[in-house]
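J.: Please find one structure pasted underneath; my questions will follow.
The values are calculated or read from the model by the stated rules, or taken from the named source; none is laboratory data. From a predicted model like this one, the values you see are computed outputs, not experimental measurements. Because the Cβ atoms are built from the backbone with ideal geometry, glycine has one as well, and the counts that use them run over all protein chains shown. SASA here: full protein model, heavy atoms, side chains in, ligands and nucleic acids out. Shrake-Rupley method; radii C 1.70, N 1.55, O 1.52, S 1.80 Å.
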Amino acid sequence: MDVLIHLFVGLHIIGIASLLGGFLTQMKAMGEGTARFTPAMLHGAFTMLVTGVILVGLNQADDQTVNNIKIGVKLALLIVILGLVYVKRDDEKVDKGLFGLVGLLTTANIFIAVLWT
């Protein structure tokens, strides 16, 4: 079970890297007002959602404690991120504030994962 959990943790990290990497590559474009949500951001957010749900299930099946409040907060942030990226995925330009919000929520999600113990 540990190998399976570690596999999905790795996939979860790949998802967050795709989401954050897509955001960071658009930072210059955001300054120019031409930023857009890339497919990598959408796929990264979706990967995070799927692997996160699987990780919660695997950890509960392995009788490990799961902080449901932490998971709920992370899930709420991710649903907002995924919703924004999905709805605006075809727009040629995304508002700076909206694009920055996705970056802020992504960063908050990372810090919640790492610092909330």
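J.: Heavy atoms of the protein only, probe of 1.4 Å, neighbouring chains included. What is the accessible area of residue 20 in Å², nearest 10?
T.: For residue 20, the solvent-accessible surface is approximately 50 Å².
J.: Report, please, the projected area of the chain averaged over directions, based on the convex hull of its C-alpha atoms, in nm².
T.: 6.9
J.: How far, in degrees from 0 to 90, does helix 2-25 lean away from the longest principal axis of the Cα atoms of the chain, to the nearest 10?
T.: 10
J.: Sticking with this structure for a sec: Using packing as a proxy for protection, rank 21-28, 89-96 so that the peptide with the highest average count of other Cβ atoms within 10 Å comes first. Don't jump to the answer; show the numbers that get you there.
T.: Working: 21-28: 16.1, 89-96: 13.1.
Per-residue mean Cβ counts within 10 Å order the peptides as 21-28, 89-96.
J.: Another one. Roughly speaking, to the nearest percent, how much of segment 1-59's 1.4 Å accessible area is carbon and sulfur?
T.: Working: 2410 of 3120 Å².
Heavy-atom surface of segment 1-59 belonging to carbon and sulfur, 1.4 Å probe: 77 percent.
J.: Another question about this same structure. How big is the dipole moment of the chain about its Cα centre under a simple scheme where the beta carbon of each Lys and Arg is +1, that of each Asp and Glu is -1, and everything else is neutral? Debye, nearest 20, please.
T.: On the way: 8 positive and 8 negative charges, 65 e Å.
For the chain, the charge dipole is close to 320 debye.
J.: Once the Cβ-Cβ distance between residue 25 and residue 68 is put in as r, and R0 is 22 Å, what FRET efficiency do you end up with, to the nearest 0.05?
T.: Using R0 = 22 Å, I get an efficiency of 0.05.
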